[in-house]
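K.L.:
Would you mind keeping the following structure in view while I ask a few things?
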Amino acid sequence: MKKRGRQFFALWLALMLSAVSVPQAVQLQAAGSVKKAADPEYRITHQPTAEDPCLKLNKEGASFAWYKAAPAVCEVVPDKKQDNQIEAETTKYSYNKALGGWEASDGLLALDIPAGKGDLVTVTPCTGFSGTVQDGSGNSLSGKGTGAYTCEITAEGIFSLRLSETENRSFWAKITITRQMPADRVTGQDSDTFTGAPGTYVCVATFADGVSVISSPLEVPGYDITVSSAGNGSCRIQAGGKEVSSAAFGQKITIIPEPADTYELDTITVTKKDENSTPVTVTDQSFTMPGCPVTVHVTFRRPSYRITLPKGTGYHASTQQSLTAEYGSNFTFTVTLDQGYQASKDFSVSANGTVLTPTSSDGGRYEYTLYHINKNQTITVSGVTEKDTADTKDEIPPEITISLDKNTFWKDFMHLISFGTFFREKKSLTITAKDAQSGIREGSVKYYLAQQDLFAEDKVYTAREVEERIPSWTEYREPVLLPEDKSYVLYAKAEDNSGNISYASTTGIVIDTTAPSIDQMEDGKIFYGNSTFTIRDHYLATVVVDGRTTKVNGSAHTLTIPADNKLHTIHAADRAGNAVSCQFYVLETWLRDGISVSGRYSLKPDTSYKLCSGKWKVTGDNTVYQGNSAIYVSRDNALDFQKQ
């Protein structure tokens, strides 16, 4: 009995493949060529699991094929003759082909059946059966009274089945096993490890001699894929060319971005849905699915385009912008003719073959603007010719303009500068240069920002003297900022393509953002006795006390206000317009120190007044008041106090 049991167990791996009858839609493709694995040397040493979906064998050299698993019903018989049968082990009981079941004449039926994990054993006794149906451990199968008994196999091996009828009556029973068997083959899965989509699968391993073994069913779980986007587009997720919202561990997942109109893909990030949001490596818009849910996040951006400026003989093109332009932006550039060259009647500047109209032109300098850029742009220039040597020589220097705003600008080079232009916020100066004859030489517009007048003598300075007094020139590229509270003079120079040089400068500009200060002053403060105040500012202009303007000399102004028990106001302003205002009281000292000498005092209600030491009387009142005490009045009153 034990020997036959081992033989059946060795045969079981092949029987799982060959002893199944399934509908045509799920027929095993290789069923006709499969040989029984009767030789015990062919064994599975590791069944595939969700954690390790690999089929391992005790021998090498097998080829592998994975199939979708489908349930198939197999009849248990004593001697397998057909593909829809499984051979049971018994020495005593007979099988009735006409009934399609096993007979027991003495009230007992015992069978040992090769089974696999996940198999469903179904026992259907004949009508009138009232006995028990148990496994080898004596556990009853479920389903008593329904006509069919079932049991799901939890481990591979021999399943022992025992049926007994009361009073040893004879009976018969039909026994079947439903198990997952190969159906449609999964394309692209031909190794010992499964890396496909979620589902239930089995693996068939075939050796060179034609013997095959089949794995237990592999349940491949699916993990959710969540897509998020920052807007301006979305994306689709595919595995194996099909749209998916979940995938199995190890599957290759492809991300297909779908940007909105006028946008392009910026970034793709994939993170695990764990407490650390662990990143997943993305290569060529694909990643390998980990064993957990993931989030795919995509961002989109406006595309950028390349601007190609030309290079040629007789001219040069330049811009102060980046040569990479964002979608919908504008791009401005200039084409400047070199010395000795001119624009012929065929002169033109084009972008991608379209002739442009200059937005401005000045001698040999032409400015152009490309609007709402939505593609790469290549600029070309044609029609630049060499000047005739008989042309009149350019002896007129360039024109320089230093601008603060549209109403404030300077064109001349000045000396004996006065610092009378004040501003109370930061300013910037713009330098422009033009030349109607030969044009401005590239890079020749320069400046020097001084904090004093460098040319304070009453004379006409030569170019050499100007260059000697300017420590260093800086090439002008952007507006010159006047940031701090200081005095400034901006000097500028430019050269045309004929070598003529011009100079220009501003008047003295003062940036003053600080308001005047009043010594020891706080708004609302109370002063006692005649009080002196000093208002200070380097550029102090006006001081107004209680509505009256006082004369100011220098950067400090001192004034004295007598103690009159009144509210006073001081307003001070500097030449830049910075101002300060304060309100304060100047009171007589007795209001602080108390009434100490006889005299007439003006008192107000709801105010405490102190009488100093001694005894006091008030004219018209015979009451004697003790010193070092407080007194009050009910209304405004001027009283004569007499010390006794």
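The values are calculated or read from the model by the stated rules, or taken from the named source; none is laboratory data. Everything numeric in this text was worked out from a predicted model, so none of it was measured. Neighbour counts run over all protein chains shown; Cβ positions are idealised from the backbone, glycine included. Remember, those area values only see protein heavy atoms, side chains included, never the ligands or the DNA or RNA. Shrake-Rupley method; radii C 1.70, N 1.55, O 1.52, S 1.80 Å.
K.L.:
Quick one: which of Thr178, Thr154 is free of Cβ contacts under 8 Å to residues at least 40 places away in the same chain and either in a strand (DSSP E or B) or not small (Gly, Ala, Ser) (or both)? Step through it out loud before you land on a result.
P.N.:
Details: Thr178 fails: free of Cβ contacts under 8 Å to residues at least 40 places away in the same chain.
Checking each option against the conditions leaves just Thr154.
K.L.:
So, in segment 324-334, exactly how many residues are loosely packed, with under 15 Cβ neighbours inside 10 Å and farther than 20 Å from Thr357 by Cα?
P.N.:
Within segment 324-334, residues that are loosely packed, with under 15 Cβ neighbours inside 10 Å and farther than 20 Å from Thr357 by Cα number 2.
K.L.:
What strands (runs of 3 or more DSSP E) lie completely within segment 523-592 and have 2 or more residues being open to solvent by less than 50 Å² (accessible area, probe 1.4 Å) and of a type in the set (Ser, Thr, Tyr)?
P.N.:
Passing ranges, in order: 531-536.
K.L.:
Which residue out of Ala239, Ala248 is within 30 Å of Thr178 (Cα to Cα), open to solvent by less than 40 Å² (accessible area, probe 1.4 Å) and either of a type in the set (Ser, Thr, Tyr) or in contact with a Ser or Thr (Cβ under 8 Å, 6 or more places away or on another chain) (or both)? Please lay out each step first, then the result.
P.N.:
Details: Ala239 fails: within 30 Å of Thr178 (Cα to Cα).
That would be Ala248, the only listed residue that is within 30 Å of Thr178 (Cα to Cα), open to solvent by less than 40 Å² (accessible area, probe 1.4 Å) and either of a type in the set (Ser, Thr, Tyr) or in contact with a Ser or Thr (Cβ under 8 Å, 6 or more places away or on another chain) (or both).
K.L.:
How about segment 271-285: which of its residues are loosely packed, with under 14 Cβ neighbours inside 10 Å and either among the hydroxyl-bearing types (Ser, Thr, Tyr) or without any contact (Cβ under 8 Å) to a residue 12 or more places away in the chain (or both)?
P.N.:
Passing the criteria: Glu275, Asn276, Ser277, Thr278, Pro279, Thr281, Thr283, Asp284.
K.L.:
Picking from Ile518, Ile526, which residue would you name as being of a type outside the set (Phe, Trp, Tyr), under 55 Å from the mean Cα position of the chain (by Cα) and under 25 Å from Tyr585 (Cα atoms)?
P.N.:
On the way: Ile526 fails: under 55 Å from the mean Cα position of the chain (by Cα).
Being of a type outside the set (Phe, Trp, Tyr), under 55 Å from the mean Cα position of the chain (by Cα) and under 25 Å from Tyr585 (Cα atoms) holds for just one of Ile518, Ile526, which is Ile518.
K.L.:
Determine, yes or no, whether Ala110 is in contact with a strand residue (DSSP E or B) (Cβ under 6 Å, 6 or more places away or on another chain) and open to solvent by less than 20 Å² (accessible area, probe 1.4 Å).
P.N.:
Values: in contact with a strand residue (DSSP E or B) (Cβ under 6 Å, 6 or more places away or on another chain): yes; open to solvent by less than 20 Å² (accessible area, probe 1.4 Å): no.
No: the conditions fail for Ala110.
K.L.:
Give, as residue ranges, the strands (runs of 3 or more DSSP E) completely inside segment 40-125 that count at least 1 residues that are in contact with a Phe, Trp or Tyr (Cβ under 9 Å, 6 or more places away or on another chain).
P.N.:
The strands (runs of 3 or more DSSP E) meeting that bar are 63-77, 85-87, 94-96, 101-104, 108-115, 120-125.
K.L.:
Thr267 versus (1) in contact with a His (Cβ under 9 Å, 6 or more places away or on another chain); (2) within 30 Å of Thr187 (Cβ to Cβ): which is the lone unmet condition?
P.N.:
Checking Thr267 against (1) in contact with a His (Cβ under 9 Å, 6 or more places away or on another chain); (2) within 30 Å of Thr187 (Cβ to Cβ), the one that fails is (2).
K.L.:
Could you tell me how many of the residues in segment 597-618 are outside any loop (DSSP other than H, G, I, E, B) and open to solvent by 40 Å² or more (accessible area, probe 1.4 Å)?
P.N.:
Total meeting the criteria: 5.
K.L.:
With the checklist (1) of a type in the set (Asp, Glu); (2) open to solvent by 30 Å² or more (accessible area, probe 1.4 Å); (3) within 30 Å of Asp106 (Cα to Cα) in hand, flag the one item Glu165 doesn't pass.
P.N.:
(2)
K.L.:
Of the residues in segment 243-270, how many are in contact (Cβ under 8 Å) with a residue 24 or more places away in the chain, part of a strand (DSSP E or B) and over 22 Å from Ala50 (Cβ atoms)?
P.N.:
The total comes to 12.
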